[in-house]
Amino acid sequence: MSQKQPAKIVMVSNRGSYNLQATRDGIQVVPAISGLVSAVEPFLREKGGVWVAWGGREAPQENSPGLRLPVPEGNPAYTFREVPLTADEINLYYHGFTNSALWPLCHYFLEKCRYEVREWSAYVDVNAKFAAATLEEAGERDTVWVNDYHLALVPAHLRHRRPQLKQFFFWHIPFPHHDLLATLPWATHILRGLLGTDVLGFHLQAYVDNFLQAVAHMLGARVDFEAGIVFWEQRRIHVGAWPMGIDYQAFQRQAASPATMARAQKLREQIGVERLALSVERLDYTKGILERLLAWERLLEEAPEWRGRAALIQVAVPSRTAVPAYRQLKEQVEATVGRINSRFSDGNYQPVYYFWRGLPRRELVAYYLAADVMLVTPLRDGLNLVAKEYVASRRDQTGVLVLSRFAGAAQELKGAVLVNPYDIDGMAMIFNTALGMGRAEQSKRLQLLQERVRRHDVHWWMNCFHQAMAVREGETGDVSGSAGS
Ligand code: F6P
């Protein structure tokens, strides 16, 4: 890479801005939808750069080089660089270590953690592969932005191979207390891997605190807890909390579209109840779907006046279906929906509508518009953007957001009705309150919520990243005292 080229951003994540799908007619390049894509892609489209990611397909052979595609098709603005993974790697690294060890561990589901050395080895190898692809793409002056628990070892690789590279890392899920982290046999490797970065971001201060305590206790690193700085290998690593925002205006625009409003109206007519509740999430045990269904059933038992008058739409987006815990959950959820419907349905009324599929953005917003009550009740969640999307879509400032106190977003979204998703009776009572809430209170709460979501949107979040990198570039001073050198 020439030093003369302007500095660019190299994004690195397990999934990226595109999914590659092998079809009989060749590779189809399909735009991906995620919070990260909405945040960062507009920036890459404007300024150029590279997105390094797996792309979701199985590599055609062992040593496939990985595609380099100018994207978007027809009007290329940046490069999508594929990191091809073999079937074994997908199984051991993605279904294995990331989603059967790190994911449950970080969400406090210790009983679901599987720690296997061959899965760990695959994680180490795949992280090295991502680092190698990143180094091929990044010039000396570029900034590399690595994402999430899939790639915790990448920063240390990059630091070792190219010490001057500017690095940012964002961890998108909860970061557990070191008591829990210590159960992972390779926990110190994860911490050392992350400390390769210059700036490390989390959604919440609680995750920052957990991380700082972990490096202090488990690695003996010197930490300035107040300033959020770790002194390590003659460097200082800035650690901060920047809860991700959404593209508020895009949701408002979509909600204002006549086609979306008509679709919402049709949905309500089809279901034909007075009060409609909605939940949308990946089918994941962290999301509390089963507990929510049990609370819905309890509501219909204890408050029979809602029978025939209130229904729940549960959209469960298929996810990680090769992992046994997810397949088992699907069976349990479907059996529970079946039981509730057989108990309370009559010829005209059905209490739960269950869909096992994803929804495109415009359809999703129509569902948000149709819903009087949004139930976002995860057992644990790093942040939760669905809650913010519902808030942004309710242009008329009606609707009630019921939010788990264990979702990171509960720290920010002060107008939400908070619930403890482990307390089925308590949750049923809150569903009752939410379904019966008057307009004046709905609108008071929604105003508060919209103010927060509008101000702390995706542009605010991107700006946090720019500011954090600027601090890193401007810093000088004593970095001694490192225990890790
Ligand atoms: O929350 C972490 C995360 O990586 C999100 O960014 C994303 O929505 C979700 O998990 C998707 O998981 P997967 O890539 O396993 O489908």
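The values are calculated or read from the model by the stated rules, or taken from the named source; none is laboratory data. Computed from a predicted model, the values in this text were never measured in an experiment. Every residue, glycine as well, gets a Cβ built from its backbone with ideal geometry; the counts of neighbours run over all protein chains shown. With ligands, DNA and RNA removed, areas are computed over all heavy atoms of the protein, side chains included. Shrake-Rupley method; radii C 1.70, N 1.55, O 1.52, S 1.80 Å.
With the Cα gyration tensor of segment 262-333 giving a ≥ b ≥ c as the square roots of its eigenvalues, does the rule (a/c under 1.5 for rounded; else a/b larger than b/c for prolate; else oblate) give rounded, prolate or oblate?
On the way: a/c = 3.50, a/b = 1.51, b/c = 2.31.
Oblate, since a/c reaches 1.5 and b/c is not below a/b.
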Practice prompt. Over the chain, give the accessible area per residue in Å² for a 1.4 Å probe, as an integer.
Written response: 41 Å²
Discussion item. Considering only C-alpha atoms, what is the centroid distance from segment 68-117 to segment 343-403, in Å?
Written reply: 28 Å
Fill in: Distance in nm between pseudo-label sites at residue 73 and residue 309 (7 Å out along the Cβ direction from Cα)
5.1 nm
Item to complete: Could you please put 8, 388 in sequence from largest to smallest accessible area, using a 1.4 Å probe?
Response: 8, 388
Item to complete: Report the label-to-label distance for residue 63 and residue 270 in nanometres (one decimal), using points 7 Å from each Cα along the Cα→Cβ vector.
Response: 5.2 nm
Item to complete: Provide the gained length on full extension for the span residue 110 to residue 141, in nm with one decimal, where the gain is 0.36 nm per separating residue minus the Cα-Cα distance.
Response: 7.0 nm
Worksheet item: Amide H to amide H under 5 Å from residue 8: which residues, 5+ apart in sequence or cross-chain, H placed 1.01 Å off N in plane?
Response: 142, 143
Practice prompt. On a 0 to 90° scale, report how tilted helix 289-302 is relative to the longest principal axis of the chain, with both axes built from alpha carbons and the result rounded to the nearest 10.
Written response: 20 degrees
Practice prompt. Can you send over the carbon and sulfur percentage of the accessible area for segment 138-293, probe radius 1.4 Å, protein chains only?
Written response: 49 percent
Discussion item. Order 101-108, 15-22, 431-438 from most to least packed using the mean count of other Cβ atoms within 10 Å.
Written reply: 101-108, 15-22, 431-438
Fill in: Paramagnetic reach from residue 363 (point 7 Å along Cα→Cβ, amide N under 15 Å) across segment 322-357
354-357
Worksheet item: What percentage of the solvent-accessible surface of segment 399-453, computed with a 1.4 Å probe over protein heavy atoms, is contributed by carbon and sulfur atoms?
Response: 51 percent
Worksheet item: Gap in Å between the Cα centre of segment 152-228 and the Cα centre of segment 240-293?
Response: 34 Å
Worksheet, complete the sentence: Once normalised by the length of the chain, the mean sequence separation of its alpha carbon contacts under 8 Å that are 6 or more apart gives a contact order in percent of 14 percent
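Expressed as a whole percentage, what fraction of the accessible surface of segment 84-134 belongs to carbon and sulfur atoms when a 1.4 Å probe is rolled over the protein heavy atoms?
With neighbouring chains kept in place, the figure for segment 84-134 is 53 percent.
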Item to complete: For helix 324-344, report the angle its Cα long axis makes with the longest principal axis of the Cα atoms of the chain; keep it between 0 and 90° and round to the nearest 10°.
Response: 10 degrees
Item to complete: Pop out the ³J(HN,Hα) list for segment 150-157 in order, Karplus 6.51 cos²θ - 1.76 cosθ + 1.60 with θ = phi - 60°, rounded to Hz; leave Gly and Pro as x.
Response: 5, 10, 5, 8, 4, x, 5, 4
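Divide by every residue of the chain the summed helix terms, -39500 (n - 2.57) for each DSSP H run of at least 4, and state the resulting mean residue ellipticity at 222 nm, rounded to the nearest 500 deg cm²/dmol. Don't skip to the answer; put the middle values down first.
Details: 16 runs with 192 residues, N = 485.
Per the formula, -12500 deg cm²/dmol.
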Practice prompt. Any chance you could give the angle, 0 to 90 degrees and rounded to 10, that helix 35-47 forms with the longest Cα principal axis of the chain?
Written response: 50 degrees
Discussion item. Over the chain, how many pairs of lysines fall under 22 Å by alpha carbon, counting only those 8 or more apart in sequence or from different chains?
Written reply: 15
Worksheet item: Which residues does a label at residue 447 reach in segment 389-425, if reach means a backbone N under 13 Å from a point 7 Å past the Cα toward the Cβ?
Response: 397-398
Item to complete: Hey, can you grab everything whose amide H is under 5 Å from the amide H of residue 354? Only 5+ residues off in sequence or another chain; H modelled, so Pro and N-termini drop out.
Response: 314
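Using a/c under 1.5 as the rounded threshold, could you call segment 84-210 rounded, prolate or oblate? The axes a ≥ b ≥ c are square roots of the C-alpha gyration tensor eigenvalues, and prolate needs a/b larger than b/c, oblate otherwise.
oblate
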Worksheet item: Can you list residues whose amide H is under 5 Å from residue 57's amide H, if they're 5+ apart or on another chain and H is modeled 1.01 Å from N?
Response: 20
Item to complete: Can you pull the one-decimal nm distance between simple spin-label points at residue 332 and residue 227, each 7 Å off the Cα toward Cβ?
Response: 4.7 nm
Fill in: Sequence ranges 58-71, 149-162, 373-386, ranked by mean other-Cβ count within 10 angstrom, highest first
373-386, 149-162, 58-71
Worksheet, complete the sentence: quick note, the chain, DSSP beta bridge pairs, % antiparallel (nearest 5) is 25 percent
